[in-house]
Amino acid sequence: MLIEKEKLKVKKREHPEIQANYRHHMDYYHPPLLPMPDIPVCLHYGAYMVKRRHDVHTGIDLYTPKGSLVYAVEDGDIICIRKFTGTSIGYDWWNETQNIDIEGYTGCLGYGEIEPDPQLKVGDIVKKGQVIGKVIPVLKEDRGRAMSMLHFSIHRHCFGDMIKAVENKSKENFYDLQIDPTMLLIQMKHKADIIKIADSMRIEVAKI
């Protein structure tokens with residue numbers, strides 16, 4: 001049975017703009033992948049809220065080679081490490097992967113289709129830019145599409161409590177908890193591109 005929303009605990013963090021070491025709101029965030037791939041939008045299979053064969057896609061798939069390191073986008077608390085795909089939870093057509101849910105300022109950020117850092121556990125505090133895992137192949141068969149990706153999602157702050165309190169989630173309420181991560185990811189893509197350019201310039205200067 002669903003618990004009442006007003007009883008859900010919401011973690012509160014300082015707004016990034018009031019911290020002296022941030023010159024721009026994007027200083028608060030770190031790209032989840034380096035380099036950052038293009039962001040799926042509109043009717044792309046990996047875009048947000050696209051209807052697929054088995055469900056409506058509640059995150060964005062960031063296509064990247066297997067083994068790519070996954071970074072924490074912002075500071076937060078690990079509230080859940082759970083199975084995400086695979087036979088063990090009823091998804092026979094996918095490999096076994098996991099998801100880390102981290103509660104931060106923006107909301108509850110989900111990093112799915114990964115292998116978490118084995119040293120991390122529920123209750124740990126992670127810092128932005130910290131490596132939290134690596135991407136592993138989620139697709140079993142090569143059908144001409146990327147076989148590994150980071151499934152990145154943002155849920156409202158109460159999502160963590162819903163995970164713990166609800167065994168059979170109402171789909172309507174579940175979708176109400178989703179936040180579109182598209183624009184934030186596009187901005188982080190731009191930030192990652194700037195980081196890449198700056199790093200290449202430093203390398204060139206060092207060679208002179």
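Would it be correct to say that GLY160 is at pLDDT below 95, touching an Asp or Glu at 6+ places or on another chain (Cβ under 6 Å) and either more than 18 Å from ILE100 (Cα to Cα) or assigned to a helix (DSSP H, G or I) (or both)? It is true that GLY160 is at pLDDT below 95, touching an Asp or Glu at 6+ places or on another chain (Cβ under 6 Å) and either more than 18 Å from ILE100 (Cα to Cα) or assigned to a helix (DSSP H, G or I) (or both). The residues in segment 78-126 that are within 14 Å of the chain's Cα centre (by Cα), over 15 Å from SER148 (Cβ atoms) and charged (D, E, K, R) can be counted, and the count is 3. Evaluating THR64 against the criteria (1) at pLDDT 95 or above; (2) of a type in the set (Ser, Thr, Tyr); (3) out of contact with any Lys or Arg (no Cβ under 9 Å at 6 or more places or on another chain); (4) farther than 15 Å from GLU115 by Cα leaves one unmet condition, (4).
Residue by residue through segment 134-147, note down the ones that are touching a Ser or Thr at 6+ places or on another chain (Cβ under 9 Å) and either of a type in the set (D, E, K, R) or crowded, with 21+ Cβ neighbours inside 10 Å (or both). Talk me through it step by step, then tell me what you get.
Pass one, segment 134-147, residues touching a Ser or Thr at 6+ places or on another chain (Cβ under 9 Å): 134-139, 146.
Those that are touching a Ser or Thr at 6+ places or on another chain (Cβ under 9 Å) and either of a type in the set (D, E, K, R) or crowded, with 21+ Cβ neighbours inside 10 Å (or both): LYS134, VAL135, VAL138.
Within segment 13-21, not a single residue is over 12 Å from PHE152 (Cβ atoms) and modelled with pLDDT of 80 or more. Looking only at residues of segment 183-208 that are surrounded by 17 or more Cβ atoms within 10 Å (Cβ to Cβ) and not basic (Lys, Arg), we find that the one that is modelled with the lowest pLDDT is ALA192.
The values are calculated or read from the model by the stated rules, or taken from the named source; none is laboratory data. Quick caveat: nothing in here was measured; it's all calculated off a predicted structure. We place every Cβ from the backbone using ideal geometry, glycine too, and count neighbours over all the protein chains shown.
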